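Enquirer: After the structure tokens below, expect a handful of questions from me.
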Amino acid sequence: MTPITLVEGRRIALSNLDKVLYPETGFTKGEVLHYYATVAEPLLAQIHDRAVSFLRYPDGPEGQLFFTKNPPPGAPDWVRTTSVPRSEDPSAEQVVVADMATLMWSANLVVEFHIHQWPAGSPAVADRMVLDLDPGAPASVVECSAAALWLRERLAADGLDAYPKTSGSKGLHLAVPLEPTPSAQVSAYAKQLAQEAERELPDLVVHRMAKALRPGKVFVDHSQNAAAKTTAAAYTLRARARPTVSAPVSWAEVEACRTPADLVFLADDIGPRLVRDGDLFAPLADPARGRPLPRARP
């Protein structure tokens, strides 16, 4: 019989709790749910006001993976949704993970949480910018760290603060809190920044996705600032061989990165990090931290 759990007054059926989702470590679905309960406060601070897309992997990362934007069939009527108009469906809706009950219902589906750079109710008006630093082998997160440090200083010169997190895969994400700004403007600035990074660091950075350009270099992906794109949320588990997390990190950790293992964090690492460091992504949830983009250059 599927156990029923009461979360904030909502009845949620939690299924297959002993199922191993990450065979390399034996991490089970029950442990996935426990992880999300543990990080609920900082995770909800990042996603509670945003439309969420799910990358589902119900049989683990070695099984079928599928991306879904629409609310899953059978979603309870108390799960909040918001309008996310798309060219093919102007009336489209997506889930908003606004509370603990919705978080645990979503986690029971076995998902990665992906979010837009704009809050619900303000499509295409971003309050953050993201730069996805993706290494091309044999480059690793070590090279991503070097690129991130250059980008931190370049952003600071424009009056912007950057907050790093691991992607939960091979690279890094830099998130920048902004005053509400049209996504098209944010995209244009991010692209300009990536191009400048390539000019200044030609042996390290590329700004185009072409595979032929990427071996040994860091691709600064600016495209995730487009209004329709999403990025893995801070604290989400990833569908990888091990239960890796897209984990906020300090700049001191980025500066100290010497091997790829230095910036790999598993689910069991995050609780102690929160106790030690607090929520390193808290500034992203504070509207007062948002800064304006610099004026466009002539």
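The values are calculated or read from the model by the stated rules, or taken from the named source; none is laboratory data. This structure is a prediction, so every number in the text was calculated from the model and none was measured. Methodologically, a virtual Cβ is constructed for each residue, glycine included, from the backbone with ideal geometry; neighbour enumeration extends over all protein chains shown. Accessible surface is based on the protein model in full, side chains and every heavy atom, while ligands, DNA and RNA are left aside. Shrake-Rupley method; radii C 1.70, N 1.55, O 1.52, S 1.80 Å.
Enquirer: Helices from the chain with mean Kyte-Doolittle at least -1.0 and a Cα length along the axis of 20 Å or more, per DSSP H: which?
Expert: Length and hydropathy pass: 141-157, 183-200.
Enquirer: Lys and Arg at +1, Asp and Glu at -1: add these up for the other residues within a Cβ distance under 13 Å of Gly26 and post the number. Working shown, then result.
Expert: Values: positive: Lys19, Lys29, Arg242; negative: Asp18, Glu24, Glu31, Asp268.
With Lys, Arg at +1 and Asp, Glu at -1, the neighbours total -1.
Enquirer: In whole Å, what is the distance between the alpha-carbon centres of the stretch 165-184 and the stretch 224-298?
Expert: Cα centroid to Cα centroid, the span is 8 Å.
Enquirer: Net charge around Ile12, counting only other residues with Cβ within less than 14 Å of its Cβ (Lys, Arg = +1; Asp, Glu = -1)?
Expert: 0
Enquirer: Students often check this: by mean Cβ neighbours within 10 Å, which of 133-142, 247-256 ranks highest, and how do the rest follow?
Expert: Listed from highest to lowest mean packing, they are 133-142, 247-256.
Enquirer: May I have the extent of the alpha carbons of the stretch 141-198 along their three principal axes, as whole Å values ordered from largest to smallest?
Expert: Per principal axis, max minus min of the Cα coordinates gives 31, 22, 18 Å.
Enquirer: Using only the Cα atoms, work out Rg/Rh for the stretch 1-149, with Rh taken as the Kirkwood radius, to two decimals.
Expert: That ratio equals 1.00.
Enquirer: What is the Å³ per residue value for the convex hull set by the Cα atoms of the stretch 133-251?
Expert: 113 Å³
Enquirer: Ignoring ligands, DNA and RNA, please state the percent of accessible area on the stretch 201-241 from carbon and sulfur, probe 1.4 Å. Present the calculation step by step, with values, prior to reporting the outcome.
Expert: On the way: 1080 of 1740 Å².
Roughly 62 percent, rounded to a whole number.
Enquirer: Relative contact order (percent) for the stretch 11-127, with alpha-carbon contacts under 8 angstrom and 6 or more residues of separation? Could you put the intermediate results ahead of the total?
Expert: On the way: 190 pairs, mean separation 35.0, N = 117.
Relative contact order for the stretch 11-127 comes out at 30 percent.
Enquirer: Once the whole set of protein chains is in place, how much accessible area is left on Lys191, using a 1.4 Å probe, in Å² to the nearest 10?
Expert: 90 Å²
Enquirer: Among Lys29/Lys217; Lys165/Lys211; Lys19/Lys217; Lys29/Lys69; Lys69/Lys217; Lys19/Lys211, which pairs are too far apart, with a Cα-Cα distance over 28 Å?
Expert: Exceeds cut-off: Lys29/Lys217; Lys19/Lys217; Lys69/Lys217; Lys19/Lys211.
Enquirer: Based on the Cα gyration tensor of the chain, what are the three equivalent ellipsoid semi-axes, each the root of five times an eigenvalue, rounded to whole Å and given largest first?
Expert: Semi-axes, largest first: 31, 23, 17 Å.
Enquirer: Give the residue list of chymotrypsin sites (Phe, Trp or Tyr not before Pro) in the stretch 75-135 that are DSSP loop and have at most 15 other beta-carbon atoms within 10 angstrom.
Expert: On the way: sites: Trp78, Trp105, Phe113; in loops: Trp78.
Hits after loop and neighbour filter: Trp78.
Enquirer: Could you order peptides 164-174, 114-124, 25-35 by the average number of other Cβ atoms within 10 Å of their residues, highest first?
Expert: Order by mean packing, descending: 164-174, 114-124, 25-35.
Enquirer: Report the local net charge at Arg154: Lys and Arg +1, Asp and Glu -1, summed over other residues whose C-beta lies under 13 Å from its C-beta.
Expert: Taking every Cβ under 13 Å from that of Arg154, the sum is -4.
Enquirer: Where Rh is the Kirkwood radius over the Cα pairs of the stretch 25-72, the temperature 25 °C and the viscosity 0.890 mPa s, what D in µm²/s does Stokes-Einstein return?
Expert: Result for D is 196 µm²/s.
Enquirer: What do you reckon, how do Lys211, Lys69 stack up by accessible area (1.4 Å probe), largest on top?
Expert: Working: Lys211 175, Lys69 65 Å².
Largest accessible area first, the residues go Lys211, Lys69.
Enquirer: So, one more: Once every DSSP H run of n ≥ 4 in the chain is given -39500 (n - 2.57) and the sum is divided by its residues, what mean residue ellipticity at 222 nm do you get, rounded to the nearest 500 deg cm²/dmol? Walk me through the intermediate numbers first.
Expert: Numbers: 7 runs with 79 residues, N = 298.
After summing the helix terms and dividing by residue count, I get -8000 deg cm²/dmol.
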